[in-house]
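A short worksheet on the structure shown next.
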Amino acid sequence: MTIDVVSTQPIEGQKPGTSGLRKKTRTFMEPNYLENFIQSIFNAIGGVEGKSFVVGGDGRYFNAEAIQTILKMAAANGAKKAIVGQNGLLSTPSASHLIRLNKTDGGLILSASHNPGGIDEDFGLKFNIQNGGPAPESVTDAMIEQTRTLQSYAILRAPDVALGQIGSQSLGDMSIEIVDPVADYLVLMQKLFDFDKIRALFASGFTMRFDAMHAVTGPYAKAILEGALGAAEGTVVNGVPKEDFGGGHPDPNPVWAKPLMDLMMSDASPDFGAASDGDGDRNMIVARGLYVTPSDSLAVLAANAHLAPGYTSGLKGIARSMPTSAASDRVAAKLGIEAYETPTGWKFFGNLLDAGMATICGEESAGTGSDHVREKDGLWAILLWLNILAERNMSAADILADHWQTFGRDYYSRHDYEAVPADAAGQLMNDLRAKLADLPDQNFAGQTVKRADEFSYHDPVDHSVSHNQGLRIFFESDARAVFRLSGTGTEGATLRLYLEQYAPRGTDHGRDTQQALQSVRDAAREISGLTERLGRDAPDVMT
Ligand code: VG1
Ligand code: CO
């Protein structure tokens with residue numbers, strides 16, 4: 001077979017964000033766009049000669065075509081082996097697991113996660129390193145460098161690989177192994193959780209609804225929940241992955257998973273509700289009549305993890321992203337273990353997990369995971385909840401109430417202002433940054449500022465420093481507001497305003513979340529001038 005070395009030119013803007021390169025699908029489909037980025041990844045890691053990789057994605061529009069290109073370019077660049085999910089499907093956590101299990105040199109994961117899919121929507125590509133986790137900034141910086149100077153890429157002229165056919169094939173000199181996307185992941189989950197106990201819970205009449213949102217976790221949830229765990233058929237809804245996720249955003253939050261929310265708030269509610277996102281790394285947990293804030297879910301999981309077989313020896317530490325609430329810090333303090341605060345994005349947890357400093361990690365954006373892989377893992381979180389429910393023999397809502405009684409409640413919500421003009425959002429951030437130093441002791445909407453700063457992260461393992469990770473305003477009342485610009489959007493800017501207010505033990509934990517946060521929200525709006533600057537009265541999404 002012939003290797004074509006195609007000459008090309010650098011393409012502007014191929015800069016990975018919070019989680020890989022995300023662009024409009026049509027952009028990725030432009031001549032050389034995908035090829036340039038793939039070759040830049042290969043060059044940035046010192047070439048792929050003799051190396052092996054895992055390849056798979058969330059099944060969105062252009063997934064299979066992009067995989068064919070990746071495989072032909074890997075073969076042309078001398079790679080030895082590619083392990084590919086059948087039909088090009090792999091959830092992000094299961095890709096991370098396959099990298100670790102097979103000790104490959106990394107993986108290419110095709111996903112724009114919670115962003116909608118389709119020819120007019122979004123596409124994404126991310127490179128994960130040998131530990132199974134997203135490439136750290138040192139590697140993504142090297143990729144960006146490559147995209148700026150790239151002159152050519154290599155691709156094999158060959159027929160397409162049969163992605164549906166489980167087993168070995170060859171592509172030029174490269175071998176390809178097409179694997180069942182679920183099998184190895186299921187084995188890993190069986191090691192971590194008490195499947196017998198959970199099976200007995202379902203057998204006793206416990207009911208659940210899992211909304212796969214037409215995304216990649218459908219086959220995983222069917223095999224694990226309805227298969228191995230014996231949940232009733234129909235427990236998993238929207239379980240067949242679709243190229244456009246059925247036209248919705250595969251984002252598990254109260255807005256985009258509204259049908260699940262409506263069910264859980266109704267008289268017909270099952271005992272437990274859950275959903276996950278496009279690539280299966282996020283989770284939403286809903287108790288009967290109660291949405292569980294992801295920050296609280298992280299705290300509950302950390303406080304109860306010892307009940308599951310994989311975590312009986314306790315946790316080494318708990319890490320959370322900076323905008324995530326302090327709820328998990330309170331658990332760490334009680335357990336007498338370290339609490340770490342990292343920037344947004346899973347890549348910042350990798351070092352802590354590799355070094356054995358943290359066992360459980362989480363983000364307010366519905367990402368929770370542990371040291372079993374190097375990605376957040378939606379189904380893992382759901383299974384850990386099920387294991388805890390089976391052990392504690394209480395409803396999810398009662399577990400929450402009990403948790404708040406012990407630790408107090410961190411009322412929490414994220415307000416997203418989507419697709420706002422990038423310059424207005426940038427200006428808002430700049431002006432706010434400039435006045436942070438003057439804020440302490442000032443009063444806004446009944447809240448007094450205690451301190452304010454811009455978050456920088458000093459990685460305790462490799463000592464790298466990441467600046468500009470969000471503006472934080474702490475109030476005397478034990479409230480906090482954080483302002484951050486999203487790094488995953490593909491249109492204009494998305495401003496995220498993260499709000500939290502602590503209600504200590506013995507105070508009212510039954511308030512409506514938005515009401516409990518009203519004064520910190522008003523203070524944040526007043527300080528930033530958000531309403532006037534963005535011309536928006538209300539956020540697009542409140543989680
Ligand atoms: C968002 C979330 C962040 C998450 C990232 C990738 O990033 O806030 O917590 O790690 O998405 O998740 P941003 O920069 O838009 O705030 V996923 O499930 O999209 O891979
Ligand atoms: Co995701």
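The values are calculated or read from the model by the stated rules, or taken from the named source; none is laboratory data. This one's a predicted model, so the numbers in the text were calculated from it and none came from an experiment. Cβ atoms come from the backbone with ideal geometry, glycine included; neighbour counts cover every protein chain shown. Areas reflect the complete protein model, heavy atoms only, side chains present, ligands, DNA and RNA absent. Shrake-Rupley method; radii C 1.70, N 1.55, O 1.52, S 1.80 Å.
So which residues in the range 308-347 are part of a helix (DSSP H, G or I), open to solvent by less than 30 Å² (accessible area, probe 1.4 Å) and within 15 Å of ligand 1 (Cβ to nearest atom), if there are any at all? Hits for the range 308-347 are 328, 346.
Criterion first (under 27 Å from residue 330 (Cβ atoms), open to solvent by less than 50 Å² (accessible area, probe 1.4 Å) and of a type in the set (Asp, Glu)) does residue 441 satisfy it?
Working: under 27 Å from residue 330 (Cβ atoms): yes; open to solvent by less than 50 Å² (accessible area, probe 1.4 Å): no; of a type in the set (Asp, Glu): yes.
No; evaluated as a whole, the condition is false for this residue.
Among the candidates 275, 257, the residue that is within 15 Å of ligand 1 (Cβ to nearest atom), free of Cβ contacts under 8 Å to residues at least 60 places away in the same chain and among the aliphatic types (A, V, I, L, M) is uniquely 257.
Do the conditions hold for residue 40, that is, is it of a type outside the set (Val, Ile, Thr), within 16 Å of ligand 2 (Cβ to nearest atom), crowded, with 22+ Cβ neighbours inside 10 Å and not assigned by TED's automatic domain parsing to the domain that holds residue 376? For residue 40, the condition - of a type outside the set (Val, Ile, Thr), within 16 Å of ligand 2 (Cβ to nearest atom), crowded, with 22+ Cβ neighbours inside 10 Å and not assigned by TED's automatic domain parsing to the domain that holds residue 376 - is not met.
Pairs are defined by a Cβ separation below 7 Å, a sequence spacing of at least 6 or placement on different chains, a first member in the range 306-329 that is outside the structural domain of residue 473 (by TED's automatic domain parsing), and a second member that is small (Gly, Ala, Ser) and within 16 Å of ligand 2 (Cβ to nearest atom); the pairs so defined are 320/362; 324/362; 328/362.
Within the range 18-27, the set of residues being within 16 Å of ligand 1 (Cβ to nearest atom) and either open to solvent by less than 40 Å² (accessible area, probe 1.4 Å) or of a type outside the set (D, E, K, R) (or both) comprises 18, 19, 20, 21, 22, 25. Based on what the data block shows, is residue 538 of a type in the set (Gly, Ala, Ser), open to solvent by less than 70 Å² (accessible area, probe 1.4 Å) and in a loop (DSSP other than H, G, I, E, B)? Yes: the conditions hold for residue 538. Within the range 268-286, none of the residues are among the basic types (Lys, Arg) and more than 16 Å from ligand 2 (Cβ to nearest atom). Listed by first and then second residue, the pairs with beta-carbon distance under 8 Å, at least 6 apart or on different chains, first residue in the range 17-35 and among the β-branched types (Val, Ile, Thr), second open to solvent by 40 Å² or more (accessible area, probe 1.4 Å) and within 16 Å of ligand 2 (Cβ to nearest atom), are 25/121. Which of the residues belonging to the range 239-249 are under 9 Å from residue 214 (Cβ atoms) and either open to solvent by less than 60 Å² (accessible area, probe 1.4 Å) or assigned to a helix (DSSP H, G or I) (or both)? Hits for the range 239-249 are 239, 241, 245, 246, 247, 248. Quick check on residue 305: is it assigned to a strand (DSSP E or B) and in contact with a helix residue (DSSP H, G or I) (Cβ under 8 Å, 6 or more places away or on another chain)? So residue 305 does not fit the description; no.
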